[in-house]
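All remarks here apply to the structure that follows.
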Amino acid sequence: MIGKWAAGAALILALCAASQAQAADCAPRLSGDGRLVTFADHLSDPQWLSLTALIHDSLHASSPDARPEKTLALAPACVIDSFRAMDKVWVMSGGAAPAPMRWAKAADGTTFYLVAGVAGADSRALGMRSVPYLLVLDSANGQLIAGLYDGAPSDIALAADIRHDLEDPKFYPMASFDPEGEAVTSFVDSDELHTARLFEPLPDGERAATILLPDGKYFSHREDAAAVMAGSAITCPATAGDLNRERLLVMDVAPKSLMLACDYFGDDGALSVVVRAAPEFDLREAFPGVLASAKEDFVEPKEAPSPIGVGARSHFGYGAAWSSRDGTVGGVWLGRRGPYVIEIYGIWPQAADREVRAAVRALDRGLFAEGS
């Protein structure tokens, strides 16, 4: 069910060659005795709530650690070490607030960092002795929580723990956090099978909360790993052709304007399924504008054969595909299920045309699968 989120661990693999060195004067050596917190096979419901709250409170949107790019860009140069890993040169640095205590950054911008968390009832419920510390990997899909310490670790322990995680083929992040949407996805099992949690303020159409697994309210689990949307009961299968469902989006939680989405990615192509409550939405009248908007970023788009028929031949009443001068192919399809409008948007290179077209056809069938 977790699918390609093991890719989060693969990103961290770039740190496996880290070496130890004396810290520079501008970043005194870390010498704490904090230890990694480990959990049993699963958490109780109160423990799960404490873990997700701790992650959220430590990395929420108002914290500089939620998205460290700007903070690190302004941080004084304080290089502690540098090393080569996975054909990349990584620079390990240290600093003082608001910068993280430690971070390692590659030339492509990938960043792994250690930050102090929030001490309180949630950390104590998880058995922590003092201020918790989070080991975080900044990724394209949010912050991946690689580890949780029950106090500040030493530089030596931090390096050893990183090496262990990198070399362990069974390693997997503890959780992910979406700072824009204030949402936590947990990869630690719980008694109640919780997997994701949204925090206030909930999405109202101005921003989206991204989760990697169903949260049980806006997306529910199904035994075949499909995610079923609230309201419409539209099914987002775990795969569509060769594409994998990688994230779920809660875009608006108001019942009258409920908007949810699921995104699929492959080696080259991407599809997004958006479902929204819009009983008065006229597909025929709206489609020309939707089509024009979808084509805006394409260079000299020209009509191309659609992967699926429209009208009586599919669940979608309107749709089109096109190709651009640079070889990129795009598509958009509109359909309806009761008061809900279903939109599919796609983009892919010409080389992946067959793969993505098969995925669109699979979604045409899978979104309305029996049991949805």
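Per-structure values
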item: Strands (runs of 3 or more DSSP E) within the range 231-280 that include 1 or more residues farther than 22 Å from G319 by Cα and in the same structural domain as F316 (by TED's automatic domain parsing); result: 243-252
item: Any chance F281 is among the aromatic types (F, W, Y) and surrounded by fewer than 17 Cβ atoms within 10 Å (Cβ to Cβ); result: yes
item: Set S123, S130: member being part of a loop (DSSP other than H, G, I, E, B), outside the structural domain of R247 (by TED's automatic domain parsing) and more than 16 Å from R29 (Cβ to Cβ); result: S130
item: Breaking point among (1) buried (at least 16 other Cβ atoms within 10 Å of the Cβ); (2) modelled with pLDDT of 70 or more; (3) out of contact with any Leu (no Cβ under 9 Å at 6 or more places or on another chain), for S63; result: (2)
item: Residue that is farthest from T210 (Cα to Cα) [pool: residues in the range 146-195 that are modelled with pLDDT of 90 or more, outside any loop (DSSP other than H, G, I, E, B) and not small (G, A, S)]; result: Y149
item: Residues located in the range 42-59, provided they are within 12 Å of L193 (Cα to Cα), of a type in the set (S, T, Y) and either touching a Lys or Arg at 6+ places or on another chain (Cβ under 7 Å) or at pLDDT 90 or above (or both); result: none
item: Cβ pairs under 8 Å, 6+ apart, first in the range 179-205 and at positive phi, second in a loop (DSSP other than H, G, I, E, B) and among the small types (G, A, S); result: E182/A61; L193/G216; G205/A254
item: Any hit, the range 104-114, residues being buried (at least 16 other Cβ atoms within 10 Å of the Cβ), in a strand (DSSP E or B), in contact with a Ser or Thr (Cβ under 9 Å, 6 or more places away or on another chain) and of a type outside the set (V, I, T); result: yes
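The values are calculated or read from the model by the stated rules, or taken from the named source; none is laboratory data. Not measured: the values here are computed from a predicted model. Cβ atoms come from the backbone with ideal geometry, glycine included; neighbour counts cover every protein chain shown.
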